[in-house]
Amino acid sequence: MLKEGAKQLSGLEEAVLKNVEACKQLAVMVRTSMGPNGMNKMVINHLERLFVTSDARTIVTELEVAHPAAKILSLSANRQWTEVGDGSGMVIALGGELLNQAEALLHTGLHPSDIIAGYIQAAAKAQEILSGLACETIASPTEADITRVLMPCFAAKNKGMEDLFAPMIAKACTQIMVPGSNDFNVDNVRVNKIVGGSFDMSKLVNGMVIPRTAEGTIKTIQNAKVAVYSVEVESVATENKGTVLIENSDQLLKYNRSEEIAMEAMIKSIVDCGANVIITGSKFSEMAMHYCERHGVMMLKILSKFEIRRVCKTIGATIHAKLGPVAAEDLGTCSSITSETYGDTTVTVFRQDDVKSRISTLLLRGGTRNGLDDLQRSIENSVNCVKMLVTDGRLCAGGGATEIEAARQIYTIGERSPGMEQYAIKKFAEALEVVPRALAENAGQNATEIISAMYAAHEAGEKHTGVNMEGGVHDCATANIVDVLATKLSAVKLAADAAITVLRVDTIIMAKPAGGPKK
């Protein structure tokens, strides 16, 4: 039926268990990078670019997972990143552990359809139980609230730097928030990386930073009035073609002079409407630069159309497609525009002093490009965490406390359930232990003892008891180790969906690979 060279694998041994094995390998790879004590992975992608990171999404994306079942798990992690922006590692670790527990049931003779039925019930119950485990709700988060939530979130990726960066990110987020609205655009918190110096030299700019210097000699303007054009600043050519007959040298000089007069008149008309800065998305001609310098106008060239739009958002300007005077309401205003040098990199900084800017920029300094990239990923995670907090202000205890409480309640439900599904429900509860187990193991502690201590505390009614990274267990809500509940809900749902999808497969059919020379 199929072309020669096609492969077909079916049954438990050939398909289901092989799929489970691939997903387990991926989960083990990611699990050791969870939590503040998680280890970094050194990933070299197909282009030989080096990544040193503990971010699960970066690891699976850059590795380009080839196995179809493991790919389902990595796609779920990507989905978590796209929708929530944090918790990708939990999706992979929990998804892999669910399949690991399912493998034990398959070996005892349980049919995959019974396991799937049990997992579906347990996943629905998990959503209900988790929703009831919120330790507090923040309706309209202040800068102090955001800092408190970001401390554990940032420490999970870059432990030791949360005291410096969490307040900085919180301030950047509150600067761009619209009061009374839960609409938060993560794209408005920008990150600019400059190699050189150390991490503690990083700072927050209320405005935009462009990674290039100004044209000409004018590098600083206070109380800037900005005209923005998408066309090049040079003498305007006419639409129609024409021929000019020049009979002697005087006529040639006059013709050139007329171009200069027209250019000067154009620059003067822009200056007369109040502008002292011209930004273009194209280029400045030599003559235009000469007259801009003469009239004291700062010139900036921004070639990226996305950057020029962000600058317009920062200063409140309108882009014009035709060179000429600009109406007062279309001019952008900025407290100061300066070209500043950090190390060997010169950038142009748009600062808004008194006005609330619609864009904040974190100017990161660091010794290596890899370190800066990892720091940027941590900042993106934290900003996405703020987005989820603004949308849904429910918080739950971190440190694995919420997962253990959910596991305890689901296990009790499994004990009371009739039929074969009870085994799968109980295994789902055991799989939830993977989060505190990974946190304890990565901190060099005895995971079995820690989980026993947590279960004992939870049985006694202490619902917020989680792993203490210094050793033992403690009340995570009191210690301000909290997570955004929406992130957990999404991660558990996506992990369960991925595990169920993999278990539903009982046959793998691979068509003959496309033509071309053999490797």
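Read-outs throughout are calculated quantities, based only on the coordinates presented, and are distinct from any laboratory measurement. As the structure is a computational prediction, the values presented were derived from the model and not from experiment. Please note: Cβ atoms are built from the backbone with ideal geometry, for glycine as well, and neighbour counts cover all protein chains shown.
Quick notes on this one:
- Calculated mean residue ellipticity, 222 nm, the chain: -15500 deg cm²/dmol, from DSSP H runs (n ≥ 4) at -39500 (n - 2.57) each, averaged per residue and rounded to 500.
- Zero-based 5 Å bins, Cα pair distances in region 1-98, whole percents: 2, 13, 21, 21, 18, 10, 7, 5, 2, 0, 0
- Mean Cα-pair separation over length for region 207-355, i.e. relative contact order, pairs under 8 Å, 6 or more apart, %: 42
- Neighbour count of at most 13 Cβ within 10 Å plus DSSP loop: longest GluC sites (Glu not before Pro)-free window in the chain: 248-469
- Taking all pairs of distinct alpha-carbon atoms in region 201-311, Kirkwood radius in angstrom: 16.0
- Its alpha carbons considered, region 262-405 gives a radius of gyration followed by a Dmax of 21.2, 76 Å.
- Among the trypsin sites (Lys or Arg not before Pro) found in region 46-143, those both in a DSSP coil and sparsely packed, with 12 or fewer other Cβ atoms within 10 Å of their Cβ, are Arg49.
- Net charge dipole size for region 422-519 [Lys, Arg +1 and Asp, Glu -1 on Cβ; Debye, nearest 20]: 900
- Dipole of the chain computed with +1 at Lys/Arg Cβ and -1 at Asp/Glu Cβ about the Cα centre; of Leu364, Val52, Ser285, farthest Cα towards the positive end is Ser285.
- Ordered from longest to shortest, the equivalent ellipsoid semi-axes for region 1-58 are 33, 18, 6 Å, each the square root of 5 times a Cα gyration tensor eigenvalue.
- More than 17 angstrom apart: percent of Cα pairs within region 383-452: 55
- Equivalent ellipsoid, the chain (semi-axes from 5 times Cα gyration tensor eigenvalues, Å): 57, 29, 19
- For the chain, the share of DSSP beta bridges that are antiparallel, to the nearest 5, is 70%.
- Overall Cα dimensions of region 321-406, principal axis frame, Å, largest first: 66, 36, 27
- If only the Cβ of Lys and Arg carry +1 and only the Cβ of Asp and Glu carry -1, the dipole of region 207-355 around its Cα centre is close to 400 debye.
- Dipole moment magnitude, nearest 20 debye, region 424-473 about Cα centre, only Lys, Arg, Asp, Glu C-beta charged: 200
- Among Ile508, Gly95, Met263 the positive-end extreme of the charge dipole of the chain (Cβ point charges): Met263
- DSSP beta bridges in region 207-355 [antiparallel fraction, %, rounded to 5]: 60
- For region 416-519: Kirkwood Rh in Å [reciprocal of mean 1/r, alpha carbons]: 17.2
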